[in-house]
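The values are calculated or read from the model by the stated rules, or taken from the named source; none is laboratory data. As the structure is a computational prediction, the values presented were derived from the model and not from experiment. Neighbour counts are summed over all protein chains in view; Cβ atoms, including those assigned to glycine, are modelled from backbone coordinates with ideal geometry.
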There are 4 protein chains.
Amino acid sequence: MIAVFSDDATIRHALAFEAALARARAAEGLVAGHVADEIAACCETIEINAMELAEQAALAGTLAIPLVKRLRAALPRAPAAALHMGATSQDVADTVLMLQVEAAGRLLSSDVKQIGEALRALVERYAATPAVGRTLLQDALPIGFGLRFAQARAGIADAARRLEAEIAAGARIQLGGAAGTRDDLGGKGAAIAARMALDLGLATGAPWHARRTCIAGIGSALGILVGALGKLARDVSLLAQNALGEAREPATEGRGGSSAMAHKRNPTGCQVALSASIRAPGLVAALLTGLPQEQERGLGGWQAEAPVLADLFLLAAGSVSVMATVARGLEIDEAAIARNLNAAGIGADIGESEVIVAAMLAEQRD
Amino acid sequence: MIAVFSDDATIRHALAFEAALARARAAEGLVAGHVADEIAACCETIEINAMELAEQAALAGTLAIPLVKRLRAALPRAPAAALHMGATSQDVADTVLMLQVEAAGRLLSSDVKQIGEALRALVERYAATPAVGRTLLQDALPIGFGLRFAQARAGIADAARRLEAEIAAGARIQLGGAAGTRDDLGGKGAAIAARMALDLGLATGAPWHARRTCIAGIGSALGILVGALGKLARDVSLLAQNALGEAREPATEGRGGSSAMAHKRNPTGCQVALSASIRAPGLVAALLTGLPQEQERGLGGWQAEAPVLADLFLLAAGSVSVMATVARGLEIDEAAIARNLNAAGIGADIGESEVIVAAMLAEQRD
Amino acid sequence: MIAVFSDDATIRHALAFEAALARARAAEGLVAGHVADEIAACCETIEINAMELAEQAALAGTLAIPLVKRLRAALPRAPAAALHMGATSQDVADTVLMLQVEAAGRLLSSDVKQIGEALRALVERYAATPAVGRTLLQDALPIGFGLRFAQARAGIADAARRLEAEIAAGARIQLGGAAGTRDDLGGKGAAIAARMALDLGLATGAPWHARRTCIAGIGSALGILVGALGKLARDVSLLAQNALGEAREPATEGRGGSSAMAHKRNPTGCQVALSASIRAPGLVAALLTGLPQEQERGLGGWQAEAPVLADLFLLAAGSVSVMATVARGLEIDEAAIARNLNAAGIGADIGESEVIVAAMLAEQRD
Amino acid sequence: MIAVFSDDATIRHALAFEAALARARAAEGLVAGHVADEIAACCETIEINAMELAEQAALAGTLAIPLVKRLRAALPRAPAAALHMGATSQDVADTVLMLQVEAAGRLLSSDVKQIGEALRALVERYAATPAVGRTLLQDALPIGFGLRFAQARAGIADAARRLEAEIAAGARIQLGGAAGTRDDLGGKGAAIAARMALDLGLATGAPWHARRTCIAGIGSALGILVGALGKLARDVSLLAQNALGEAREPATEGRGGSSAMAHKRNPTGCQVALSASIRAPGLVAALLTGLPQEQERGLGGWQAEAPVLADLFLLAAGSVSVMATVARGLEIDEAAIARNLNAAGIGADIGESEVIVAAMLAEQRD
């Protein structure tokens, strides 16, 4: 996930944008094919010092200006003049961000699938095992031990489904030009945007420079996913308390030790996921705060989004990854489960736990 | 919207829950029909002092306990014993909340429709009127004056669509019993839940006591809607600056005056919407923060949700309402638009503004 | 605390503002003494329908306009003309808010003192009682049982101290007039503000219409206090888990029961405090978000503050109150403490627990 | 500021912690002086691959474990055994964080001083220049042009003062050992902590592993500072609108250009500060959310803090830096100020602007 949002990836996507723009303009007859080819070739072969460019981009407030400058310097006069025509910096920045969102979403989906499978195995195995159900942190009534994990799994699946839908709807090409009117695209703006979208693997549509509900939607979905993973982490960490001892995280070389108490097995995976669930809500709030952006392209709002969205994807990725490891290797102590249930003195009637679990597994596939 | 979340409405929905539960249990043969009828009748006719009940509910941490106590006192022995059987306090609280969400969502949808219509009229009228397009708060290139409102309108429509989808998917009956196992429903839990859902006009499904992604989804969608309305308010308030003077809010008796400067026409509607857009993101963050709830039913997390969700609906309702008034009565000064464009010295080529506007209006119906 | 922020209190403070302004202007020779007396007398005796006024205030976007109108209607010509002179709506609103902050701060301080005393007693009694220390939710090494409460107490005391300092520095009179220049105060603005501050029991200083760091400071301090109380609630609720059983909330008539499981003793006080700690951070974020206010008096930013600050005070008050009750009546099970320590097999060496506790108690008086 | 929070700085501080601990233990007679010297020497000379260590630290969930392992491998037996004795991972992590906070605070203070000086010059020069005062984004009454900047300056100064006070009170040594009882420090814990604090330039006090109000206080103060800088940026960006044209950012090579409109002078400095003011509130909320940490050392809460606090310092540093540049080079157009005032038709009476400005400058030194 770090690679997805790296400077290298950002530059690669920005070059792909310029190449796609040139090709689409050529296809619509606005520039000669060989000029577009020269641009596209240059975008593929040019060597960029990522560190140096990042510094200039930070100063300019946009990546596009120093990048386009470099490309122009490397191109003959005609393609240099045709380069970037019809586009504005934010067109590049937003399209790059959406290409990263697309890639990040695919990564996450694959990890979520793994956690779903691992939890399904746990749920199926322990659906009928009587255990203490706990409410308001107090012993309540018996449940099937697998029911709690089935609930966590269903929450994660619901969150993942929402995220996929938001990305499918929101990951669109941005092509509006300086004021969002597609003024310099020879009246072919919609067609050029559609060609570029196809080329780059994004959806198409009207410019959305100051209309950021898609970003907010994707960010919210990420925040919900991190929270749903936090629910699983909360439950595992409570089960792992020594006085309960019903489950504990798998031992991992180099993880979960204590610098002062060598014997401890700390729930370090849960720690990562819980930590993420504390950090994510404020990041989502930042994306929502930025929505009332000014006029055709705002000041400060959209520039705040990319690092925040990247942080959310990184938190989600870290959380999914550790909790997949935890779910796959979770050590269940059936004797402790039975002992605690016996001590609670609440019988062993697990009600309709199994029916509920089956319904949830049927509804929420991996 | 205040009525939707009033104590009276809360009590009415809670009584409807108990009546629906009794009827559903009777339909599944768990209790005699006439006993259920007595319960339902009592739920319809009982007089409750809302203020008094609210105080006891605050102390008990739940409405259900004092309400059920009152009903039991008003019922003969058999229905008193059958009342509430199989349900827990949170079943009542969550179902009540979802009935309020449903009602609130319908209210909002109707107001959003009005704002969409008002903006459509504005957009159509001014789609081709050349005006200064502004980016980063600087004059940039000409746009069709209607384009900016078309963008705001599309953002609001996207947000409204998301909210409707979240409510349709998330507004579900809650029926799980004390530990979410439907332990006291005679093995008929799924059927009883389905009957109650039908009776109350909600969707059905497995219990979701500690699985709150639906709440977070609805709350996020509300936050996005408030932000999208804030975008419109931001633009109107900037246009209304005296130095621009391209638009101003309609004069409303009793609104927008100044206690010290009688001549001013303040953008008070925009103020309400911008104020809401500052408050909403933190409320959404609270809902996300509460997601990692403990075990079968958590401590503190779900109890935080109802007032926060109500606040979000109230902010959204206030914002939609004022901005509908603003959109309907917005006074446009075409001379000022032309004067500003002329002063900017950027020509009058509005690019593909009209095509873009038409595409957005076609995609986002009212 | 509800009374402090009620409509009645708001109106009473607003009337006090107008009276103080009239008296101060008279003292500086800007208006005849008897005219000021008539205004002051009217402010004391006028009967205001709070509900009706609130509706008009909501429409006007400010309380001052309809209130001043009512006062003018009740006054003879000369005092009617002199009334409110030199002030703007926000002067009234901000001064009222600060009078409420002052009163709310006093209320909170008194409650915090009680929680400090109750915790001191607990800490002193159990400072040397060996108990399981727990880190990352795992048994770690022995601690003095009182140490954990000493830490919670110190956090609350630190938060209370910060809040008192913020209120002392921030609770200032607002008197700037329409554009913050004190244009209509006959060149005596500073003197009039100082007199009014003295009269009303606030600090004085320059106008601060669009400079809201004091509000943000008070709000942050409240958020920290709510979090510090949440720390205590977290610890009590974990100790009260049946498998640990080291402490439990006192039984309170009408509180902590379960509608489905009559035998349960739920940690309902902790629930209130934990719920507050989930809600407060987003409210603080809203206050911070509103800081970049426009020009002399902003649009939307300051209008968002009063309800958010009131919510923060209400959450803090609720949290302090329930946790004071919990701290005073907390039931400690020394046998369970000993049993758990024995089961942990980590000895009974509590290190320097007692020394640390003593140092913290000495530093943080009640 | 990036250097302050770099991996290299983190490792250097962690090594300083271990050296200071060894020296302090020697001074209290718990270990031979030459053993402590060997440890201290090793901490100064050891070469650490920062990248490699960071990976292991990420896996272990703490830096201390792999770092201590490396040091032990590089030391003879006796110092290897004595190393880190009495400390736990969080002791290292928290002390390192506070050393970084101290350094970061010094950096910020110096930049804030520069912005204060630059604004003082602006304020003094234009205190008496009549200009349009604007409220609710509408022309209101005349002000001295310098008054608006005096207000922004006072807000920044107030925020900087709060931050300095929070750091002075909160930047403390952490030394508690595994469960916060200083169990392995031979009964000399307080003395050892005091020596280490002196050695490292921090304050001393009781362990504060799960008592994080100081972190929340520092974070809140940073959020308020970012918001106060955002107020300045908001005002500059509004003044720079072409239709007003009263001020504009200085031209900076490589900054503020447009990839599509070469003639534009974008307020890129304001953009950076406004973007920061959108991001900071959610980060503060995360710190507040983490306050209710579990027991002696929590799970997830404190681990979330360091990256969030670093982000806040980075946002503040970026914002202060750009706004200092903006303030120093701000181009004021007196003709435009006069023209706008004339067009507003509100006279030129600036009330007590100069008096207010003088009072604020006197109170808030640079």
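Would you mind stating whether B:Arg77 is away from chain A (no Cβ under 12 Å), under 30 Å from A:Gly133 (Cα atoms) and surrounded by fewer than 22 Cβ atoms within 10 Å (Cβ to Cβ)?
When the stated conditions are applied, B:Arg77 does not pass them.
For segment A:83-108, which positions are hydroxyl-bearing (Ser, Thr, Tyr) and closer than 15 Å to A:Gly201 by Cβ?
Hit for segment A:83-108 is A:Thr95, nothing else.
Looking only at residues in segment A:293-313 that are assigned to a loop (DSSP other than H, G, I, E, B) and within 13 Å of D:Ala276 (Cβ to Cβ), which one is nearest to the other protein chains (Cβ to nearest Cβ)? Break it down into steps so the answer makes sense when it comes.
Within segment A:293-313, the first condition is being assigned to a loop (DSSP other than H, G, I, E, B), and the residues that meet it are A:293-296, A:298-300.
Checking which are within 13 Å of D:Ala276 (Cβ to Cβ) leaves us with A:299-300.
Working: A:Leu299: 5, A:Gly300: 3 Å.
The qualifying residue nearest to the other protein chains (Cβ to nearest Cβ) is A:Gly300.
I'd like to verify a number: residues in segment D:160-200 that are part of a helix (DSSP H, G or I) and closer than 27 Å to D:Gly298 by Cβ, how many? Explain how you work it out, then say what you get.
Within segment D:160-200, the subset part of a helix (DSSP H, G or I) is D:160-170, D:189-200.
Now restrict to residues that are closer than 27 Å to D:Gly298 by Cβ: D:162-163, D:165-170, D:189-190, D:192-194, D:196-197, D:200.
Summing the residues that are part of a helix (DSSP H, G or I) and closer than 27 Å to D:Gly298 by Cβ in segment D:160-200 gives 16.
What residue, of A:Ile218, A:Ile143, is over 23 Å from A:Glu124 (Cβ atoms) and among the β-branched types (Val, Ile, Thr)?
So the residue among A:Ile218, A:Ile143 that is over 23 Å from A:Glu124 (Cβ atoms) and among the β-branched types (Val, Ile, Thr) is A:Ile218.
Within segment C:176-187, is even one residue in contact with a His (Cβ under 9 Å, 6 or more places away or on another chain), in contact (Cβ under 8 Å) with a residue 12 or more places away in the chain, within 30 Å of C:Asn342 (Cβ to Cβ) and at the interface with another protein chain (Cβ under 7 Å from one of its Cβ atoms)? Even if it seems obvious, please write down each step before you answer.
Taking segment C:176-187 as the starting set, the residues that turn out to be in contact with a His (Cβ under 9 Å, 6 or more places away or on another chain) are C:176, C:179-180.
The next check asks that each one be in contact (Cβ under 8 Å) with a residue 12 or more places away in the chain; those that pass are C:176, C:179-180.
Applying the additional criterion that residues be within 30 Å of C:Asn342 (Cβ to Cβ) yields none.
The answer is no; no qualifying residue exists.
Mind telling me which of the residues C:Ile115, C:Ile65 ends up being away from chain D (no Cβ under 14 Å), of a type in the set (Val, Ile, Thr) and out of contact with any His (no Cβ under 9 Å at 6 or more places or on another chain)? Full working, then the answer.
Working: C:Ile65 fails: away from chain D (no Cβ under 14 Å).
Exactly one of C:Ile115, C:Ile65 is away from chain D (no Cβ under 14 Å), of a type in the set (Val, Ile, Thr) and out of contact with any His (no Cβ under 9 Å at 6 or more places or on another chain), namely C:Ile115.
I'd like the full set of residues that are crowded, with 24+ Cβ neighbours inside 10 Å and closer than 13 Å to C:Asn342 by Cα, limited to segment C:119-133. Talk me through it step by step, then tell me what you get.
Within segment C:119-133, the subset crowded, with 24+ Cβ neighbours inside 10 Å is C:119, C:123, C:131-133.
Selection gives C:Ala131, C:Val132, C:Gly133.
When you go through D:Ala276, D:Ala327, D:Ala317 one by one, which is the residue that is closer than 30 Å to C:Gly155 by Cβ and crowded, with 24+ Cβ neighbours inside 10 Å?
The conditions single out D:Ala276.
Six or more apart or on different chains, Cβ atoms under 6 Å: show the pairs whose first residue is in segment D:92-115 and modelled with pLDDT under 95 and whose second is in a helix (DSSP H, G or I) and buried (at least 24 other Cβ atoms within 10 Å of the Cβ).
Pairs that qualify, where the first residue is modelled with pLDDT under 95 and the partner is in a helix (DSSP H, G or I) and buried (at least 24 other Cβ atoms within 10 Å of the Cβ), are D:Asp111/D:Val320.
Out of D:Ala60, D:Ala40, D:Ala50, I need the residue that is crowded, with 20+ Cβ neighbours inside 10 Å and modelled with pLDDT under 95. Which one?
D:Ala60
Can you spot a residue in segment B:136-159 that is buried (at least 19 other Cβ atoms within 10 Å of the Cβ), assigned to a loop (DSSP other than H, G, I, E, B) and either out of contact with any His (no Cβ under 7 Å at 6 or more places or on another chain) or modelled with pLDDT under 95 (or both)?
yes
Restricting attention to segment A:27-39, does a residue exist that is part of a helix (DSSP H, G or I) and under 27 Å from A:Ala210 (Cα atoms)?
no
Do you know which of the residues in segment D:118-135 that are β-branched (Val, Ile, Thr) and not in a helix (DSSP H, G or I) is farthest from the other protein chains (Cβ to nearest Cβ)?
Here the answer is D:Thr129.
For segment B:16-58, name all the residues that are within 30 Å of B:Val320 (Cβ to Cβ) and either touching a Cys at 6+ places or on another chain (Cβ under 9 Å) or of a type in the set (Ser, Thr, Tyr) (or both).
Once the filter is applied, which keeps residues that are within 30 Å of B:Val320 (Cβ to Cβ) and either touching a Cys at 6+ places or on another chain (Cβ under 9 Å) or of a type in the set (Ser, Thr, Tyr) (or both), segment B:16-58 yields B:Ala16, B:Phe17.
Does segment C:74-91 hold any residues that are free of Cβ contacts under 8 Å to residues at least 40 places away in the same chain and assigned to a helix (DSSP H, G or I), and which are they?
Matches in segment C:74-91: C:Ala74, C:Arg77, C:Ala80, C:Ala81, C:Ser89.
Find all pairs meeting these conditions: Cβ atoms under 7 angstrom apart; at least six residues apart or on different chains; first residue within segment B:343-366 and at the interface with chain A (Cβ under 10 Å from one of its Cβ atoms) and outside any helix (DSSP H, G or I); second residue of a type outside the set (A, V, I, L, M, F, W, C) and surrounded by fewer than 21 Cβ atoms within 10 Å (Cβ to Cβ).
B:Ile350/B:Pro130; B:Glu352/A:Gly187
Tell me whether segment B:195-203 contains one or more residues that are more than 10 Å from chain A (Cβ to nearest Cβ), over 27 Å from the mean Cα position of the chain (by Cα) and of a type in the set (D, E, K, R).
no
A:Val226 - would you say it is among the β-branched types (Val, Ile, Thr), more than 7 Å from every other protein chain (Cβ to nearest Cβ) and under 18 Å from B:Cys214 (Cβ atoms)?
On the way: among the β-branched types (Val, Ile, Thr): yes; more than 7 Å from every other protein chain (Cβ to nearest Cβ): yes; under 18 Å from B:Cys214 (Cβ atoms): yes.
Taking the combined requirement at face value, the residue satisfies it.
Would you tally the residues in segment D:194-218 being surrounded by 24 or more Cβ atoms within 10 Å (Cβ to Cβ) and either out of contact with any helix residue (DSSP H, G or I) (no Cβ under 8 Å at 6 or more places or on another chain) or more than 30 Å from C:Gly230 (Cα to Cα) (or both)?
1
Please go through segment D:8-37 and pick out each residue that is surrounded by fewer than 15 Cβ atoms within 10 Å (Cβ to Cβ) and of a type outside the set (Gly, Ala, Ser).
Those that are surrounded by fewer than 15 Cβ atoms within 10 Å (Cβ to Cβ) and of a type outside the set (Gly, Ala, Ser): D:Asp8, D:His34.
Kindly provide the set of residues from segment B:270-316 that are under 15 Å from A:Ile224 (Cα atoms), at pLDDT 95 or above and not aliphatic (A, V, I, L, M), ordered by number.
Hits for segment B:270-316 are B:Pro281, B:Gly282, B:Thr289, B:Gly290, B:Pro292, B:Gln293, B:Glu305.
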